[in-house]
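Heads up: the structure comes next, in structure tokens.
The values are calculated or read from the model by the stated rules, or taken from the named source; none is laboratory data. Here the structure is a predicted model, which is why all the values come from computation and not from measurement. Neighbour counts are summed over all protein chains in view; Cβ atoms, including those assigned to glycine, are modelled from backbone coordinates with ideal geometry. To get the accessible areas, we keep the full protein, side chains included, count just its heavy atoms, and leave off ligands, DNA and RNA. Shrake-Rupley method; radii C 1.70, N 1.55, O 1.52, S 1.80 Å.
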Amino acid sequence: MSLLNIDRVTKRFGGLIAVDNFSARIDEGTITGLIGPNGAGKTTVFNLLTGIYPVDEGDIFLDNQAITNQAPHRIAAAGVARTFQNIRLFKELSVLDNVRIGAHSRGRAGIFGAIFRNGAARREEATIHAKALQLLQEAGLAEYSSELAGNLSYGLQRKLEIVRALAGEPRLLILDEPAAGMNPRETEELMAFVRRLHDRGLTILLIEHDMKLVMSLCQRVIVMDHGQKIAEGPPEEIRTNRAVVEAYLGKEA
Amino acid sequence: MFLEQILNGLAQGSIYALIGIGFALIFGVLGLVHFAHGEVYMIGAFIGFIMITAFHLPVWAALLLAIAGAAIVGFLVELLNFRPLRKAPEYASMICTLGLSVVLQNATMLIWGSDTKSLPLSSENVAFSFFGAKLSMEQILIFTVSLGLMVGLQYILYRSKLGKAIRAIAQNREAAALMGVNINQVIAATFAIGSGLGGAAGVLVGLYYNAFYPTMGFMAGLKAFTATVLGGLTSVPGAVLGGIILGVVENITAAYISSGFRDLVAFVILILVLFIRPSGIFGRGIQEKV
Amino acid sequence: MMNMSKSLLTSILRRIDEKEKSLYLSLLIAVAILPLVWQSDYVLRIATLCGIYIVLALGLNLVTGYAGQMCLGWAAFYGIGAYTSALLVMRLHASFWLALPAAGLMAAFFGLLLGIPTMRLKNTYLAITTLGFGEIVRLILLNWTDLTRGSMGLPGIPSPSFLGIDLEGKLFYYYFIVVLVIVTLVTMARIVDSRLGRALQAIREDELAAKSMGIDTTRYKIIAFAIGAFFAGIAGSFFAHYSAYIDPHNFAFGESIAVLSMVILGGMRSLPGVVFGAVVLTLLPEVLREAAEYRMIVFGGILMLTMLLRPQGIFGGVQRKKVSQTPVAVGQGKQPLYQNR
């Protein structure tokens, strides 16, 4: 049963076709890697999935429900959470607040709850607080709870972004180059972290340039070039795929 | 009567256009609004007034000195208010020039008083009658001077090295810097040019209504900004067209609906344009990068 | 009324730690006994004025400081509240106690109205639109003479009465604004530390990321405008009855600038900071005696200097968060954890 179904999606920017008739299915509980040379359209696919850019043609289904061209906050509420290629934390808010904001779509309290703090609002607040702390604990970030997110080291910021995404209890987690800029030790740690999430049954889709990470972490790999899908399959197969090698190294090689 | 309102509107519109060009040039190179631009225009008007009354200079000389004076003020504003905030968040320079505008306005008030000053001129000097519509000497002055300045500006923008640099920075500042354009110098020059035009507008308006007062820059600045938004914020021809449209619409409203609505019209246009088509008539669209 | 302020008092005090508790308590006592110790109509008037500006500035702070949405037309909501309340009482003979919340709601409604078209706009565009809105409201107040008497203003706005007792004493107004300030502070403190408040701050920090976290940014920005405007409207209503006379000049651009200066001097998004900013900038022109003419220069100068020297303002940037669990080891990370500017 596929959790995410991308059906012949096309996105144009003026004359440029950034994503060209792209289709993919992501099965529940899998880790899928989306790879391809720079400018292949990977991040654009993510932005289409999360509603940041409108789709020109095609449809996107999450668990058979169309989420095509819905507002980003609705898609998030439907269970798609993401991180960004260039970390986008709420830098001047505390680490804890970042995670609590991540849980926004799981809460309901509004103006009334904020001002009058009725029982329901208080209980919700306590639940969110406890959950956020628990997530931070699991990720080894608890000691930084009250630190401003912008003051964390780069590696921890990347990690915090994932924790923030998790707080929304997503069904699908989308990671845009999670290991970018990390040293080998940090990458190692990150991979262990992502594996733990996978073990718990979370479905993950990630863009990554670190081939070692992709090949060891992902069960399926989708390869894009010039906005199109050029290959798809298990990592072993992708490694030797001719089209993929050509896309990365050029035709002559 | 109608024709006369159109002529009045064109005169008023030319003023908005001259001020608006400054907004457009500055927004073009920096992507920021110069909130004290209306005060630069007011300072131009006061320089002109002082030159004529205290130094008994002829109008053309006063005009030239006002242009030069306003250009210097504009240069200083860039040096003291914009340059230190190049890397600060967008609102910093906005609030900073907003503060400057309040300071300049009130300082002028402290020095020269808040009352309206006028030149000892004979009023109602109708120069021509034009299909029954009066065309005053001041209006002719406005039309010729603003036309001259706009042609001059086009010459600078499209025929000079400086103009090329200004347009290059407006396209892509980093690339222009890599090509050896001295960014700070060109931005300063842009401020000087835009402010000079504003100063000229100040003198012209002062002569037209024969009224010089410290708060004259506030409304005029806002309206000229509206004109610029109407024209697309970075487009010089857009600012001119926007100014003319605003001037005419305003005068027609004042004449046929109510003079109380004269100022209202500009702000309603401003909000409508920003709501319906924020990129204005000639503007480029705004798109967010992710 | 004593009971009301008492329960409000305990409700704020519950949430602050001991050290702060004693500070706030002594501040509150000072405020409470001020008119008894210093019996001066002048002092009372300035203190009441401070209260009005605190409420106004706290409202704007929610919009500009917390939600990060610039507003250069704040005085419009103040004016809408003032005129709504005055007209309701004078023309429809409504009770002040009805007109006061009505003024807040009317201002909030206009906050929504302004919010809807402007929510697609950012930074400069938003700032200019709100400025235009402020001018439109002022011009309507000035030109709709049948309703507002235009520049002649509305004289003789009556004072409220309670259970048949006329409350026109200066002491009544003083204590009433103290209550309003406390209510506003408590409300703001609660909003800031809630799901709603975090959503607003997320929008300020990174709107796109906020959307991706499931925050309906448009809706929340409009809510911020409506809540902030509500308090501006309340302040307007209070001001109208307190001064007994209003005209459109009371709500001109200069007032918007004054309130914005208070918020910016206070560092944006710091409640004590904003209170400090409002008090200092209300007192300053009074302290420099002949400086009434310098008032606006001071405001303008503050805007300029805070931006040039420290764009975050006096209190801003240094954020202290209380986390009720786990002791926090600041500075033990792998990287030096320095304070923000």
For residues that are more than 22 Å from B:Arg167 (Cα to Cα) and either of a type in the set (Phe, Trp, Tyr) or open to solvent by less than 10 Å² (accessible area, probe 1.4 Å) (or both), tally how many sit in the range B:36-56.
12
Criterion: surrounded by 24 or more Cβ atoms within 10 Å (Cβ to Cβ) and either part of a helix (DSSP H, G or I) or small (Gly, Ala, Ser) (or both) - qualifying residue of B:Leu79, B:Leu63, B:Leu7, B:Leu3:
B:Leu63
Just a yes or no: is a residue in the range A:102-122 crowded, with 18+ Cβ neighbours inside 10 Å, more than 9 Å from every other protein chain (Cβ to nearest Cβ) and without any contact (Cβ under 8 Å) to a residue 60 or more places away in the chain?
no
I need the helices (runs of 4 or more DSSP H) fully contained in the range C:88-177, keeping only those with at least 2 residues that are away from chain B (no Cβ under 14 Å) and in contact (Cβ under 8 Å) with a residue 24 or more places away in the chain.
C:96-118
Considering only the range A:123-143, how many residues are facing chain C (nearest Cβ under 7 Å) and within 23 Å of the chain's Cα centre (by Cα)?
2
Going through the range A:69-101 one residue at a time, which ones are more than 8 Å from chain C (Cβ to nearest Cβ), touching a Ser or Thr at 6+ places or on another chain (Cβ under 8 Å) and open to solvent by 10 Å² or more (accessible area, probe 1.4 Å)?
A:Gln85
Output for the range C:46-71, where each listed residue is within 14 Å of chain B (Cβ to nearest Cβ) and either assigned to a helix (DSSP H, G or I) or of a type in the set (Phe, Trp, Tyr) (or both):
C:Leu60, C:Val63, C:Thr64, C:Gly65
Please give the number of the condition C:Val186 fails out of (1) assigned to a helix (DSSP H, G or I); (2) more than 9 Å from chain A (Cβ to nearest Cβ).
(2)
Top-ranked residue in the range A:209-224 [being at pLDDT below 90 and among the charged types (D, E, K, R); ranked as surrounded by the most Cβ atoms within 10 Å (Cβ to Cβ)]:
A:Asp210
Over the range C:312-323, the set of residues open to solvent by 20 Å² or more (accessible area, probe 1.4 Å) and either touching a helix residue (DSSP H, G or I) at 6+ places or on another chain (Cβ under 8 Å) or at pLDDT 50 or above (or both) is C:Gln312, C:Ile314, C:Phe315, C:Lys321, C:Val323
Restricting the range A:28-65 to residues that are part of a strand (DSSP E or B) and under 15 Å from the mean Cα position of the chain (by Cα), which is surrounded by the most Cβ atoms within 10 Å (Cβ to Cβ)?
A:Leu34
The helices (runs of 4 or more DSSP H) lying entirely within the range A:89-181 that contain at least 2 residues which are touching a strand residue (DSSP E or B) at 6+ places or on another chain (Cβ under 9 Å) and among the aliphatic types (A, V, I, L, M) are A:154-166
Answer residue from the range A:182-207, given it is in contact with a helix residue (DSSP H, G or I) (Cβ under 7 Å, 6 or more places away or on another chain) and assigned to a strand (DSSP E or B) and is nearest to A:Ile31 (Cα to Cα) among those:
A:Ile204
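Table: residues versus (1) among the aliphatic types (A, V, I, L, M); (2) out of contact with any helix residue (DSSP H, G or I) (no Cβ under 6 Å at 6 or more places or on another chain); (3) more than 30 Å from C:Met307 (Cβ to Cβ).
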| site | (1), (2), (3) |
| --- | --- |
| B:Met42 | yes, no, no |
| B:Ala68 | yes, yes, no |
| B:Tyr91 | no, yes, no |
| B:Ile111 | yes, yes, no |
Only residues that are under 22 Å from B:Val73 (Cα atoms) and surrounded by fewer than 19 Cβ atoms within 10 Å (Cβ to Cβ): list them for the range B:171-187, please.
B:Asn182, B:Ile183, B:Asn184, B:Gln185
In the set B:Val265, B:Val181, which member is without any contact (Cβ under 8 Å) to a residue 40 or more places away in the chain and closer than 24 Å to B:Phe2 by Cβ?
B:Val265
Residues (under 14 Å from B:Tyr41 (Cβ atoms) and open to solvent by less than 20 Å² (accessible area, probe 1.4 Å)) located in the range B:212-230:
B:Phe212, B:Pro214, B:Met216, B:Gly217, B:Ala220, B:Gly221, B:Leu222, B:Lys223, B:Ala224, B:Phe225, B:Ala227, B:Thr228
When you look at B:Phe55, is it without any contact (Cβ under 8 Å) to a residue 12 or more places away in the chain and not in a helix (DSSP H, G or I), yes or no?
yes
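Okay, residues lined up against (1) among the basic types (Lys, Arg); (2) open to solvent by 10 Å² or more (accessible area, probe 1.4 Å); (3) free of Cβ contacts under 8 Å to residues at least 40 places away in the same chain; (4) farther than 25 Å from C:Leu28 by Cα:
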| site | (1), (2), (3), (4) |
| --- | --- |
| C:His249 | no, yes, no, yes |
| C:Ala252 | no, yes, no, yes |
| C:Leu260 | no, no, no, yes |
| C:Met268 | no, yes, no, no |
| C:Pro272 | no, yes, no, no |
| C:Val275 | no, yes, no, no |
| C:Glu286 | no, yes, no, no |
Taking C:Leu100, is it open to solvent by less than 40 Å² (accessible area, probe 1.4 Å) and either touching a helix residue (DSSP H, G or I) at 6+ places or on another chain (Cβ under 9 Å) or not charged (D, E, K, R) (or both)?
yes
Exactly one of these conditions fails for B:Gly99: (1) open to solvent by less than 20 Å² (accessible area, probe 1.4 Å); (2) at pLDDT below 90; (3) within 11 Å of another protein chain (Cβ to nearest Cβ). Give me its number.
(2)
Selection status of B:Met137, aliphatic (A, V, I, L, M) and either modelled with pLDDT of 85 or more or touching an Asp or Glu at 6+ places or on another chain (Cβ under 7 Å) (or both)
no
Could you check the range B:231-253 and list, in sequence order, the residues that are over 12 Å from B:Leu18 (Cβ atoms), assigned to a helix (DSSP H, G or I), open to solvent by less than 20 Å² (accessible area, probe 1.4 Å) and among the hydrophobic types (A, V, I, L, M, F, W, C)?
B:Leu246
Checking A:Ser153 against (1) modelled with pLDDT under 90; (2) surrounded by 19 or more Cβ atoms within 10 Å (Cβ to Cβ); (3) at the interface with chain C (Cβ under 9 Å from one of its Cβ atoms), only one condition comes out false. Which one?
(2)
